[in-house]
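Engineer: Here it is, the structure, as structure tokens.
A short reminder: the numbers here are calculations on the coordinates, not readings from a lab. Note that the structure is predicted; figures quoted are calculated from it, not measured. Here the Cβ positions follow ideal geometry from the backbone for every residue, glycine too, while neighbour counts run over all protein chains shown.
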Amino acid sequence: MLVQTSQGQSGSAHVVVLGNEKGGSGKSTAALHVAVALLKAGQRVATIDLDCRQQSFTRYINNRSAWARRTGLDLELPVHRCIKLGETMQILDNESSELVQFVDAVSTVERAFDFIVIDTPGSDTYLMRLAHAMADTLVTAPPATSLQPSGNWTRERVTTHRSHHKIPVFRPTPDGNCSAAEVST
């Protein structure tokens, strides 16, 4: 269970990444539920929205904050950062700008919080791949199969090799099991 996992011996936050290349699969909604559940369990939680275009996770957090103010309720809120979309016509410049923001966001919270919950965009982006590479726990919706309806979320425990930048990839096999492969970044 996520609540039982907190800062390791290194003192760094446990990183939970919600990722799937399909937009509209419920990543932002699931990210909010994970963050709030951890907060309610007494964990210190920071959140990062990497979906620079949609910013659904950021809107959820802002709406929760506004609702708490309007109603006078003491709702749990994470410390939140949203990475701004690069605005130049050069992909490398945009990726560099977004990377600087991401590194700043993570380094600001990684030692002061128990968990960092990261919501990723519904597309293959540079930041999405970086977030997957640093995940301690990856939460994803598997692709729909004839045996499984779409939209069912599973939590896979993945161990990453941060110093080697290898991303474990789990792929469904025809018999319904998963095969693991490592992809170097």
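Engineer: Just to be sure I understand the model, the point goes 7 Å from the Cα along the line to the Cβ. What's the resulting residue 84 to residue 70 distance in nm?
Structural biologist: Going by the 7 Å Cα→Cβ label model, 2.8 nm.
Engineer: Can I ask one more? Can you tally the net charge around residue 53? Count Lys and Arg as +1, Asp and Glu as -1, for every other residue whose Cβ sits under 13 Å from the Cβ of residue 53. Intermediate results must be reported in sequence, preceding the final value.
Structural biologist: Details: positive: 59, 84; negative: 49, 51, 87, 98, 119.
In short, -3.
Engineer: Quote the charge dipole size of the range 31-88 about the Cα centre in Debye, to the nearest 20; the model charges only the Cβ of Lys and Arg (+1) and of Asp and Glu (-1).
Structural biologist: Details: 9 positive and 5 negative charges, 24 e Å.
Dipole about the Cα centre, nearest 20: 120 debye.
Engineer: Follow-up. How about the range 40-144: which GluC sites (Glu not before Pro) there are in a DSSP loop, with at most 11 other Cβ atoms within 10 Å of their Cβ? Spell out each step's value before the answer.
Structural biologist: Numbers: sites: 76, 87, 95, 98, 110; in loops: 76, 87, 110.
Answer in residue order: 87.
Engineer: Percent of Cα-Cα pairs more than 16 Å apart in the range 71-121, please.
Structural biologist: On the way: 670 of 1275 pairs.
In whole percent, the long-distance tail amounts to 53.
Engineer: Consider all pairwise Cα distances in the range 40-104 and report the whole-number % of them above 20 Å.
Structural biologist: Details: 851 of 2080 pairs.
That fraction is 41 percent.
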